Amino acid sequence: AQSVTQLGSHVSVSEGALVLLRCNYSSSVPPYLFWYVQYPNQGLQLLLKYTSAATLVKGINGFEAEFKKSETSFHLTKPSAHMSDAAEYFCAVSNNNAGNMLTFGGGTRLMVKP
Amino acid sequence: EPEVTQTPSHQVTQMGQEVILRCVPISNHLYFYWYRQILGQKVEFLVSFYNNEISEKSEIFDDQFSVERPDGSNFTLKIRSTKLEDSAMYFCASRETGHGSPLHFGNGTRLTVT
């Protein structure tokens, strides 16, 4: 069984500040991990993915995430927040079977203050 | 960039009615999915579909739900007799072959059951 926990349903940062969105996972097999972003009234857009290659993964829009097996974490960071980063962010884990079913965390709404 | 398209963007129906939600996956993708997101809740897996059959389904996907790929491009989700609790945003997704290949999501259909 797999699960994802995102600590903090709401995170507020000032423009230019560091963004840190937390994700911890549970998986009985080596996981594939993803971060998706959802802008208002839109679908889920892939930010980045971890598939057992480099543990530090760079994604779009300046985001990156680091896979830490010892901590079962895959936290998302961005050095400097922009107003346009305001959205909901979802961490997800998938199994290694052909279905690649995704299990999502509860999401974190990022607010960016001017 | 190719994308998953879903129609309609918003569907209102009365309890007990049948609805069909439509999706056009990315053309070279072979795995198809439906997810749903009840307002304020997690994105939940419903079903995955490959090689013209269901490969995995969740407990949510009961006998009231069915999926079909009626032609080479469309992928549909049918709810036979809608209930109030079926009100949600329904997301279609597709992916290409290969472990760890990410899901590409459509913008969703908001289903409102009255």
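Return the loop-located GluC sites (Glu not before Pro) in region B:45-96 (DSSP other than H, G, I, E, B) with at most 16 other Cβ atoms within 10 Å of their own Cβ; answer none if there are none.
Answer in residue order: B:E59, B:E96.
Please give every one of the aspartates and glutamates within straight-line cross-link reach of A:K78, meaning a C-alpha to C-alpha distance under 20 Å, and leave out same-chain neighbours fewer than 8 residues apart.
A:E15, A:E64, A:E66, A:E88
Note down, for region A:30-99, the three equivalent ellipsoid semi-axes (square root of 5 times each alpha carbon gyration tensor eigenvalue), biggest first, whole angstrom.
Semi-axes from the Cα gyration tensor: 22, 15, 9 Å.
Explain nothing, just the number: dipole magnitude of chain A about its Cα centre with +1 on each Lys and Arg Cβ and -1 on each Asp and Glu Cβ, in debye rounded to the nearest 20.
With Lys and Arg at +1 and Asp and Glu at -1, about 80 debye.
Over the protein assembly as shown, what lengths in whole Å, largest first, do the semi-axes of the equivalent ellipsoid take, defined as the square roots of 5 times the eigenvalues of the alpha-carbon gyration tensor?
So the equivalent ellipsoid measures 30, 20, 16 Å along its semi-axes.
Using the beta-carbon distance between B:I54 and B:S9 and R0 = 25 Å, what value does 1/(1 + (r/R0)^6) give for FRET efficiency, to the nearest 0.05?
E between B:I54 and B:S9, to the nearest 0.05, is 0.45.
Report, as a whole number in µm² per second, the diffusion coefficient that Stokes-Einstein gives for chain B at 10 °C and 1.306 mPa s using the Kirkwood radius over alpha carbon pairs.
113 µm²/s
May I ask you to derive the relative contact order of chain A, considering only C-alpha pairs under 8 Å and at least 6 residues apart, and to give it as an integer percent?
Over chain A, the number comes to 38 percent.
Across the residues of B:24-36, average count of Cβ atoms on other protein chains within 10 Å?
1
Here, each number is a calculation from the coordinates, and none is a lab measurement. These numbers come from a predicted model, not from an experiment. Cβ: placed from backbone, ideal geometry, glycine included. Neighbour counts: every protein chain shown.
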